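Peer 1: Input: one structure, supplied below.
The values are calculated or read from the model by the stated rules, or taken from the named source; none is laboratory data. Keep in mind that this is a model prediction, so the values were computed, not measured. No Cβ is skipped: glycine too gets one built from the backbone with ideal geometry, and neighbour counts run over all protein chains shown. Ligands, DNA and RNA are excluded from the accessible area calculation, which covers all protein heavy atoms including side chains. Shrake-Rupley method; radii C 1.70, N 1.55, O 1.52, S 1.80 Å.
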Amino acid sequence: KLAMEFPSEDIFLMTASPVIKAVTNFKQVSKTLEEFDVEEQPSSLLEKRYPNIKVIQSGVKQLKSDEHKIFTEDGKEYTYEKLCLCAGAKPKLIFEGNPYVLGIRDTDSAQAFQKNLAQAERIVVVGNGGIALELVYEIQGCEVIWAIKDKAIGNTFFDAGAAEFLIPKLTAEKRETPIECKRTKYTMEGSEEKDRRVAASDKLGSALGPDWHEGLHLKGTKEFSHKVHIEILCEVKKIHSQQEFIQLQRTSLTFPKEEKNAEPDDVLWPVYVELTNGKIYGCDFIVSATGVVPNTKPFIDGNNFAVGEDGGLKVDKHMHTSLPDIYAAGDICTASWEPSPVWHQMRLWTQARQMGWYAAKCMAADTLGEPIDMDFSFELFAHVTKFFNYKVVVLGKYNAQGLGFDHELMLRCTKGQEYVKVVMQNGRMMGAVLIGETDLEETFENLILNQMDLSAYGEDLLNPDIDIEDYFD
């Protein structure tokens, strides 16, 4: 975006990785919903397309904001007129520095995970967001103990009703063949051979795209397809090595069979997980899929940034941080403007793309001294993704975020086919969750955006015999 706005200016892209993430197959599904693939491409492609872009492959060591200078790991320094920080976030590992704990956030860590899974008979997955959900669904031939701190799976995106709707898919033996995914992977020559034992969280790759598990062969050693046991309302209390576990003289549990409690386990596992509910399970390794923390480290030292409660760099409605000429976008930043009543920040690919695009527009407008309006994509929270092979659309305050007790929910559910939930407040639609091919996203998007009073329709709003789209065209 910047390269197009300022064709005669030099634009430097600093990245620790030899590849860049490019958005491909972009489709504007509706006013606010967009679908795209995320593809890794060699940075030379970007330089070919825009001659004024120079990609500098090096990590950032230090930022001196008062001097308008950036110092890179390879010992060079660069002076900037305007700077945008888009360093993303890093996995929030449950225990740092334990070789049996793998964080998954980027393609490199996903590969390390796949290597380990090939020898695995049982793993423990901790976390309840998008990556944990997909992981548990995709893994075959390996026992999975899934520890979640909530009552229901997928709390980041769903409520307990949607979780109930999805659970049968977890235990289904027969798997549909997934649609082929168009993502290619570039790696540096020789990088395969280099020691990739554990994709350490301090080596930051770029975040996974929405279909990251496609093309990875997620299969363990066992012959069965799917074995998942969910431990709810618990977290990991401690991780014990095999040696520590033997000294503890406590019992660990076998994989629980239907309707029966787990028996004591007589297998010796490489590592043991003790949960806050008192149960101990042995496993080959633990996957920490417990969200991310903004990657602000190299920039914070010696610079007086205003930082949000979630650790991100605070940005105003022009994506400007608290320091002159420094902007931030994506996972590293915390939106600190007064948001629209039906938008909230979530560290997702869709928002990273929108923020990056908008930050470039703001940098251009500020440079040229022009006014700029808030981008329309911040009017309504809208995200489309796929879970368990269902299309999933979430709109607005889909989980009644911040609405207190003053709201009501309406549901429509056809087992195995679709799940529709709307969040209403004072007769107005505030949010929705749509799972399956419902074709309601555009209508609901409009109803949330125009805040029309729908009290008169009552329950008929979700009546499958009424073609609601005709009403509100």
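Peer 1: Within the accessible area of the chain, what % is carbon and sulfur when the probe is 1.4 Å and the other protein chains stay in place?
Peer 2: Carbon and sulfur together cover 50 percent of it.
Peer 1: Also, quick follow-up: Expressed in nm to one decimal, what extension gain is obtained for the pair Lys76 and Asp301 from 0.36 nm per residue of sequence separation less their Cα-Cα distance?
Peer 2: Here the segment from Lys76 to Asp301 would lengthen by 79.2 nm.
Peer 1: Among the trypsin sites (Lys or Arg not before Pro) within the stretch 315-422, which fall in a DSSP loop and have no more than 14 other Cβ atoms within 10 Å of their own Cβ?
Peer 2: Those satisfying the criteria are Lys415.
Peer 1: While we're looking at this one, here's another question. Computed FRET efficiency, Cβ-Cβ of Ala16 and Trp357, R0 22 Å: what is it to the nearest 0.05?
Peer 2: Details: r = 22 Å, r/R0 = 1.02.
In this case the efficiency is close to 0.45.
Peer 1: What shape does the stretch 298-430 have by the C-alpha gyration tensor, where a ≥ b ≥ c are the square roots of the eigenvalues, rounded means a/c under 1.5, and otherwise prolate means a/b greater than b/c and oblate the rest?
Peer 2: Working: a/c = 2.19, a/b = 2.09, b/c = 1.05.
Since a/c reaches 1.5 and a/b is larger than b/c, the shape of the stretch 298-430 is classed as prolate.
Peer 1: Just to confirm my numbers, what's the Cα centroid distance between the stretch 229-273 and the stretch 10-50 in Å?
Peer 2: Answer, in whole Å: 43.
Peer 1: May I ask you to compute the full-extension gain from Met410 to Tyr457, defined as 0.36 nm times their residue separation minus their alpha-carbon distance, rounded to one decimal in nm?
Peer 2: Contour length minus the Cα-Cα distance gives 15.7 nm.
Peer 1: What chymotrypsin sites (Phe, Trp or Tyr not before Pro) does the stretch 66-150 have in DSSP loop regions with at most 13 other beta carbons within 10 Å?
Peer 2: Phe95
Peer 1: Rounded if a/c is under 1.5, else prolate if a/b beats b/c, else oblate: with a ≥ b ≥ c from the C-alpha gyration tensor eigenvalues square-rooted, which is the stretch 313-365?
Peer 2: It is prolate, given that a/c is not under 1.5 and a/b is the larger ratio.
Peer 1: Enumerate by residue number the chymotrypsin sites (Phe, Trp or Tyr not before Pro) in the stretch 295-399 meeting two conditions: DSSP loop (anything except H, G, I, E, B), and at most 15 other Cβ atoms within 10 Å of the site's Cβ.
Peer 2: Filter output for the stretch 295-399: Trp337.
Peer 1: Under a plain spin-label model, where a point goes 7 Å from the Cα along Cα-to-Cβ, how far apart in nm are Asp316 and Glu263?
Peer 2: Result: 6.7 nm between the two label points.
Peer 1: Rounded to the nearest Å, what's the spacing between the alpha carbon centres of the stretch 312-360 and the stretch 409-473? Just the number, please.
Peer 2: 29 Å
Peer 1: Under a point-charge model restricted to the Cβ atoms of Lys and Arg (+1) and Asp and Glu (-1), what is the dipole moment magnitude of the stretch 382-471 relative to its Cα centre, in debye to the nearest 20?
Peer 2: So the dipole magnitude of the stretch 382-471 works out to roughly 540 debye.
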